[in-house]
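> Below is the structure I would like to discuss, written out as structure tokens.
The values are calculated or read from the model by the stated rules, or taken from the named source; none is laboratory data. Just so you know, these numbers come straight off a predicted model, no measurement behind them. So basically every Cβ, Gly included, is an ideal-geometry build from the backbone, and we count neighbours across all protein chains shown.
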Amino acid sequence: MNYKICFVCTGNACRSPFAECVTKKLLADAGMNGIEVFSLGTLDCGEYPRDAAMVDVAKELGYDLSGTTTVMTREKLMAADAVIVFDERHRDAITRVLDYSYWNKIVLFNKMAFDEDGNVEDPHYQTAAVYHRVAKHIENGCKRLVEQWKLQPPKPKD
């Protein structure tokens, strides 16, 4: 049984899918099996291609950010062992969907990766510099998470 990690941002166009593709690549490069990664958005914006500017930044950094946006559902969130959010508003949106007994699996990205409070800025419709800064921050955080998981692999909950 695999450990399932779900990254969640607002529209599933920038932050969460970028974290997903970075984490998948890092796990594959490390030869780590047993961890599944997926991403969702809190807003139902329909099914659209990823943010073009973020796709370009991802490509520059060596990642494939293809695919389309996916909205969160109760069932998809409940399938995850850990739900990693980029903003406190994402946590709030999820707690309106999930029963209280599931809230303990929701964690802020900065807290989990850097042991810091605070949100990860949304680059959507901002300057190229913001996209690059956010992408590097997420990439560095994902590297830290994978390093943590190498030392202590996460275990699925029964």
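> Go through region 83-109 and report how many residues are buried (at least 20 other Cβ atoms within 10 Å of the Cβ) and either among the basic types (Lys, Arg) or touching a Phe, Trp or Tyr at 6+ places or on another chain (Cβ under 7 Å) (or both).
Here the count works out to 4.
> Does TYR3 satisfy the criteria of being in contact (Cβ under 8 Å) with a residue 24 or more places away in the chain and out of contact with any strand residue (DSSP E or B) (no Cβ under 7 Å at 6 or more places or on another chain)?
no
> Looking at LYS111, LYS25, LYS59, which is the one that is more than 17 Å from the chain's Cα centre (by Cα) and assigned to a helix (DSSP H, G or I)?
LYS59
> Same structure, new question: Identify, please: which residue in region 16-38 is small (Gly, Ala, Ser) and out of contact with any helix residue (DSSP H, G or I) (no Cβ under 8 Å at 6 or more places or on another chain) and is, among those, farthest from ASN140 (Cα to Cα)?
Looking at the filtered set, the residue picked out is GLY34.
> Test ALA13 against the stated conditions and say whether it is closer than 21 Å to ASP87 by Cα, touching a Phe, Trp or Tyr at 6+ places or on another chain (Cβ under 8 Å), part of a helix (DSSP H, G or I) and modelled with pLDDT of 95 or more.
No; evaluated as a whole, the condition is false for this residue.
> Of the residues that make up region 60-80, is at least one more than 27 Å from ASN33 (Cβ to Cβ), modelled with pLDDT of 95 or more and surrounded by 15 or more Cβ atoms within 10 Å (Cβ to Cβ)?
yes
> Residues to consider are GLY41, GLY46; find the one that is among the small types (Gly, Ala, Ser) and modelled with pLDDT under 95.
Only one candidate qualifies: GLY46.
> Scan region 83-102 and tell me whether some residue there is within 21 Å of ARG144 (Cα to Cα), touching a helix residue (DSSP H, G or I) at 6+ places or on another chain (Cβ under 8 Å) and not aliphatic (A, V, I, L, M).
Within region 83-102, one or more residues are within 21 Å of ARG144 (Cα to Cα), touching a helix residue (DSSP H, G or I) at 6+ places or on another chain (Cβ under 8 Å) and not aliphatic (A, V, I, L, M).
> I'd like to check something: does region 71-85 contain any residue that is within 14 Å of the chain's Cα centre (by Cα), without any contact (Cβ under 8 Å) to a residue 60 or more places away in the chain and part of a helix (DSSP H, G or I)?
no
> How many residues does region 110-134 hold that are surrounded by 12 or more Cβ atoms within 10 Å (Cβ to Cβ), among the hydrophobic types (A, V, I, L, M, F, W, C), within 17 Å of ALA58 (Cβ to Cβ) and touching a residue at least 12 places away in the same chain (Cβ under 8 Å)?
2
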